[in-house]
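A short write-up of the structure that comes next.
The values are calculated or read from the model by the stated rules, or taken from the named source; none is laboratory data. On a predicted model such as this, the values are computed, not experimentally measured, just so you know. Positions of Cβ are backbone-derived with ideal geometry, glycine not excepted, and every protein chain shown enters the neighbour counts.
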Amino acid sequence: MARAASKLSRFNIAALALGFAFLYLPIVILIIYSFNASRLVTVWGGWSLRWYNEFFNDTAMIDAAWMSLRVGATSATLATLLGTLAAIALSRGAGFKGRTLFSGMLYAPLVMPEVITGLSLLLLFVAINAERGFWTVVIAHTTLTMCFVAVVVQARLGALDRSLEEAAMDLGCDPVRAFLAVTLPLIVPSVAAGWMLAFTLSLDDLVIASFTTGPGSATLPIRIYSEVRLGVKPEINAICTLVVALIAVVIVVASLASKISDARGKSAAPL
Amino acid sequence: MTEDTAKTASEADSPQSIPQPASGTPLLRIDAVVKTFGQFRAVDVLSLDIHAGEFFALLGPSGCGKTTLLRMLAGFEAPDAGRILLDGKDIAQIPPHQRPVNMMFQNYALFPHLNVRDNIAFGLKRAGMASADINARVNEMVALVKLDGFEKRKPDQLSGGQRQRVALARSLARRPRLLLLDEPLAALDKKLRESTQLELMELQRRLGLTFIIVTHDQQEAMTMAGRIGVMDAGRLEQVATPRELYEAPRSRWIAEFVGDINLLEGKFETSDASYPTMARRVAIATSEAGTIYVAEPREPLTKVNLCIAIRPEKVKLSRRAPASDDARAINRLDGVVTDVSYLGGMTSYKVKLDTGAVLRSSMANTARLDLDAYSLSQRVVAWFSPEDCVVLEQ
Amino acid sequence: MSAPSIFTRPARLAAIAPYLWMALFFLVPFLFVLKISLSQTAIAQPPYTPVFDVAEGWEAIKAAFTALSFDNFRLLASDDLYVLSYLRSLLVAAISTSILLVIGYPIAYGMARLPQRWQAIAMMLVIVPFWTSFLIRIYAWINILQHDGLLNQILLALHVVSTPVVWLSTDGAMYLGIVYSYLPFMILPLYATLSKMDPALLEAANDLGASPRQAFWRVTFPLSLPGIGAGALLCFIPIVGEFVIPDLLAGSDALMIGQTLWLEFFTNKDWPVASATAVVLLLLLLAPLLLYDRLQRRQLERA
């Protein structure tokens, strides 16, 4: 399949087209409706920015958005640091005592239902009498997103040519310097991609944030959720569109970064 | 295994043999080194001396342990037993970045995020050289490998041959005591390979450095190296100059591994001195070629079951039997040509002898119009001199 | 996993920080869940008893230990509400995973057969919705499915129905939401496995007389089983504990276990029962979790 130039059957093309339409249509509709001047969904009132206006005047929402951005940036940074370290250990560390447990712990949050992780973290915070707010959410999100970063970075580390590090050592670097001088520059794009992934995941999380946040530190998803429970509000459309736009920017940057990484990562091997 | 230092009187001084220092410690002494991976013994109690200024080749089939040995010299693997002495000092446990040894990697391992200059300067920066000195050395290296004008390029903007030069320049920049080359020409095409071989040899001679090259390509080893160490299954089978390896293989395996060979198995018959003007001869009764006379080997034969090895170019063909008093043609065998392969510079024949064996004979095409060439099913006489045979114990 | 080398020792040191973090913030909390699940609810802060207070000394702690009980678990087992909730969750997850497999496989297969350049773009197109806020995507469906939403408008305009159909608050809407959200999780592992398949295998099958359909079932499908396993588990396990989607899209008569847990915790403020619910859920998921871990390790080590 990797080298396939085989013909796509009509069934294949139909499956692809339908699949992607299914994935994108609801979001596209949402974006369009965010510009609907009319409050009602049934009526198209013309193009308007009034819902965006309403959002920018809604202090509660703005506070929540700001909170989400801060939590996202902080937890993404922490998660990237720890996740990269974990990836290094797993890809270069060969076998060590507790490796199975380590990788199990690391990858469990990927599949674990969020209600369980959220509840367990909250109980921990209560038991140690921690004040719930910004930092508890940051810790929770870091724990959740660390494994995503580790997966991304580990994949890159695994694909890198080992002889580059050996060459660096041959030319006078000790193992740590070899890593910093040669490997690190080559995985930076993947690390950056990992950061962005962790950021968007944090921005998006509802369940864990609900469990671990404190009074006055609502994140954007929490606010959106409480509004949505009461019914569809056009202002939400505008907020969602803005978030989608932000994430689209992040994705474009991430994919550019990974393109650069791909180009560099091929060691200068003979064809 | 000790090296074969005997030279016969007829041996010409090959242009590749570098005069060995009569005494003094070798630059590199590998002393009973062992390396195992799990159950598998990659290097099996191997000892070898390499002298300063040598161009030495480690030759062997894949899996023989030559790359493992090279990596131990570079420091990427540590031997489980034995010593590696460089200038008399044991470096076996010293990590690679502290050894005065550099390696040129098979896939070049050029740093993709650095340009040519920075790649070459990499090792120099680690050595703490002043930047003026670094610049001077880099310029020197670039000129040496003839890459002037390419300094600002990144590896992905270079051709395979150019990348190889950068790798070479980078590994020479620190002026190592010993340069290790891991199949350096494997990825180049034939024409480029040939010119690069000569360049490498010239470079090594000019700089007076010691090179150890690992290769599975016999041609390469024979062309470039002053001495070759043939390895199989973790052991050194023979260490000799290319000529000695080819003309005086120590075992059947080596005779077969290096170049083409005819092998005739037989039993010792008599030792014969009927021709006092020539060296003593030994008669061997072969199973498929009758009695063959070979020159008596220097070391006395201990076994009865022997194997005669003759290189194809030493087997001559003629339509009629040569004159019976031609002592060199005492081994004469009748047969039929069963295969003719025209290879341009020479023609290779397969002759099925009346006595059963199949001999290979190759003759140089010295004239453009060869009206004497033999054809299929032609009856010929294959003959060879006793001096051209090597006796191997099975 | 690489063979031991000079890099091994420094690399292992890198594991320390993440190891400690995960041990503290992932493993240890489970112990608390277990402990609370064995406690009783109380009108107090924190809303459970007994509380292990180290300051009160060893005797108090021993007394607190004896106050622990399995009452909450007995409640879960005896009350139909909970049993049904677990069963519903498992059923919904199973059905959803099957739907996801049926829909996702052709898409992944189509992607794997695209020319190389297009494959990268297709991958991006699949990942982008995944990065787009999950909540927003569900909300987008609410927008379309609501009483006077777009779907009903279209159906009315085409005279397919005469009155607006109730789409929301149904199981159908919930399945739609689940499939929509988890599709990338099913497609990506499948695509990863399918794209690594050697096309020469199919050519060999054809050469030996197999029709395209036979070649698919006898060569492609069996070879894609690891991808199917990974994708199925990657979807099944989290769906069992789903909260947001059933809460927003499904009816309120039968609850999935995620909703039950949320209810117990936030509405009833009954932390012990909520914890017990979590413990049982974890036990139910233990087998699939271990299976997933084994598959994951094998995949990563092969890479």
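A few points about this structure:
- Among the residues listed as A:PHE179, A:PHE211, the single one being modelled with pLDDT under 90 and of a type outside the set (Lys, Arg): A:PHE179
- Lone unmet requirement of (1) within 12 Å of another protein chain (Cβ to nearest Cβ); (2) out of contact with any strand residue (DSSP E or B) (no Cβ under 7 Å at 6 or more places or on another chain) for B:ALA74: (2)
- Within the range A:169-197, residues that are over 11 Å from A:THR80 (Cα atoms) and touching a residue at least 60 places away in the same chain (Cβ under 8 Å) sit with their Cβ atoms under 7 Å from residues that are among the polar types (S, T, N, Q) and assigned to a helix (DSSP H, G or I), at 6+ positions apart or across chains, in these pairs: A:PRO189/A:SER258; A:PRO189/A:SER261.
- Of all residues in the range A:14-63, exactly one satisfies the criterion of being of a type in the set (Lys, Arg) and assigned to a helix (DSSP H, G or I), namely A:ARG50.
- Residue satisfying all of: in the range C:180-223; in a helix (DSSP H, G or I) and more than 12 Å from every other protein chain (Cβ to nearest Cβ); farthest from C:PHE236 (Cα to Cα) among these: C:ASP207
- Flag if C:GLY57 is part of a helix (DSSP H, G or I), out of contact with any Pro (no Cβ under 9 Å at 6 or more places or on another chain), farther than 25 Å from C:LEU281 by Cβ and at pLDDT 80 or above: no
- Scanning the range B:162-175 for residues that are among the small types (Gly, Ala, Ser) and at the interface with chain A (Cβ under 9 Å from one of its Cβ atoms) returns B:ALA167, B:SER171, B:ALA173.
- Which listed residue is among the aliphatic types (A, V, I, L, M), out of contact with any Gly (no Cβ under 8 Å at 6 or more places or on another chain) and either within 21 Å of C:ALA232 (Cβ to Cβ) or crowded, with 16+ Cβ neighbours inside 10 Å (or both), from C:LEU249, C:LEU263, C:LEU295, C:LEU281: C:LEU263
- Per the conditions (1) crowded, with 22+ Cβ neighbours inside 10 Å; (2) under 20 Å from the mean Cα position of the chain (by Cα); (3) within 21 Å of B:CYS389 (Cα to Cα); (4) touching a residue at least 24 places away in the same chain (Cβ under 8 Å), the sole criterion not satisfied by B:LEU245 is (4).
- Residues located in the range B:282-324, provided they are outside any strand (DSSP E or B) and under 18 Å from B:VAL358 (Cβ atoms): B:SER287, B:GLU288, B:ALA289, B:GLY290, B:ARG311, B:PRO312, B:GLU313, B:LYS314, B:VAL315
- Test for B:GLN157: is it surrounded by fewer than 18 Cβ atoms within 10 Å (Cβ to Cβ), of a type in the set (S, T, N, Q) and under 36 Å from the mean Cα position of the chain (by Cα): yes
- Selected residue (only one of A:THR84, A:THR80, A:THR100 is closer than 23 Å to A:LEU206 by Cβ, in a helix (DSSP H, G or I) and either under 20 Å from the mean Cα position of the chain (by Cα) or facing chain C (nearest Cβ under 8 Å) (or both)): A:THR80
Okay, residues lined up against (1) among the polar types (S, T, N, Q); (2) assigned to a helix (DSSP H, G or I):
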position: A:PRO189; (1), (2): no, yes
position: A:THR200; (1), (2): yes, yes
position: A:PHE211; (1), (2): no, yes
position: A:ALA218; (1), (2): no, no
position: A:GLY231; (1), (2): no, no
position: A:VAL252; (1), (2): no, yes
position: A:SER255; (1), (2): yes, yes
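- Condition check for B:VAL142: within 20 Å of B:LEU192 (Cβ to Cβ), β-branched (Val, Ile, Thr) and out of contact with any Cys (no Cβ under 9 Å at 6 or more places or on another chain): yes
- Residues (of a type in the set (D, E, K, R) and within 30 Å of A:VAL253 (Cβ to Cβ)) located in the range C:125-169: C:ARG137
- For B:LEU178, the criteria (1) under 17 Å from the mean Cα position of the chain (by Cα); (2) within 20 Å of B:LEU70 (Cβ to Cβ); (3) buried (at least 23 other Cβ atoms within 10 Å of the Cβ); (4) touching a residue at least 40 places away in the same chain (Cβ under 8 Å) hold in every case but one, which is (1).
- Test result for C:PHE236, without any contact (Cβ under 8 Å) to a residue 12 or more places away in the chain and assigned to a helix (DSSP H, G or I): no
- Test: residue in the range B:129-140 that is in a strand (DSSP E or B), at pLDDT 90 or above and either in contact with a Lys or Arg (Cβ under 7 Å, 6 or more places away or on another chain) or away from chain A (no Cβ under 13 Å) (or both): no
- Of the residues making up the range B:99-117, those that are without any contact (Cβ under 8 Å) to a residue 60 or more places away in the chain, more than 8 Å from chain A (Cβ to nearest Cβ) and either within 26 Å of B:ASP49 (Cβ to Cβ) or touching a helix residue (DSSP H, G or I) at 6+ places or on another chain (Cβ under 6 Å) (or both) are B:ARG99, B:VAL116, B:ARG117.
- Taking residues in the range C:180-204 that are free of Cβ contacts under 8 Å to residues at least 40 places away in the same chain, and partners anywhere that are of a type in the set (Lys, Arg), the pairs with Cβ atoms closer than 8 Å and at least 6 places apart or on different chains are C:PRO199/A:ARG3.
- Here C:ASP270 qualifies as more than 14 Å from the chain's Cα centre (by Cα), surrounded by fewer than 23 Cβ atoms within 10 Å (Cβ to Cβ) and either at positive phi or in contact (Cβ under 8 Å) with a residue 60 or more places away in the chain (or both).
- Condition met for C:ALA11 (facing chain A (nearest Cβ under 7 Å), modelled with pLDDT under 85 and touching a Ser or Thr at 6+ places or on another chain (Cβ under 8 Å)): yes
- Just one of the listed residues (A:GLU235, A:GLU227) is in a helix (DSSP H, G or I), of a type in the set (D, E, K, R) and either within 10 Å of another protein chain (Cβ to nearest Cβ) or at positive phi (or both), and it is A:GLU227.
- Within the range A:148-169, the set of residues being more than 9 Å from every other protein chain (Cβ to nearest Cβ) and in a helix (DSSP H, G or I) comprises A:PHE148, A:VAL149, A:VAL152, A:VAL153, A:ARG156, A:LEU157.
- Strands (runs of 3 or more DSSP E) contained in the range B:168-245 and holding at least 3 residues in contact with a Gly (Cβ under 7 Å, 6 or more places away or on another chain): B:227-232
Yes or no, residue by residue, for (1) of a type outside the set (A, V, I, L, M); (2) facing chain A (nearest Cβ under 7 Å); (3) under 23 Å from A:LEU246 (Cα atoms); (4) buried (at least 21 other Cβ atoms within 10 Å of the Cβ):
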site: C:GLN116; (1), (2), (3), (4): yes, no, no, no
site: C:MET124; (1), (2), (3), (4): no, yes, yes, no
site: C:ILE127; (1), (2), (3), (4): no, no, yes, no
site: C:ILE142; (1), (2), (3), (4): no, yes, yes, yes
site: C:GLN153; (1), (2), (3), (4): yes, yes, no, no
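- Residue among A:ILE88, A:ILE62 that alone is modelled with pLDDT of 85 or more, among the β-branched types (Val, Ile, Thr) and crowded, with 22+ Cβ neighbours inside 10 Å: A:ILE88
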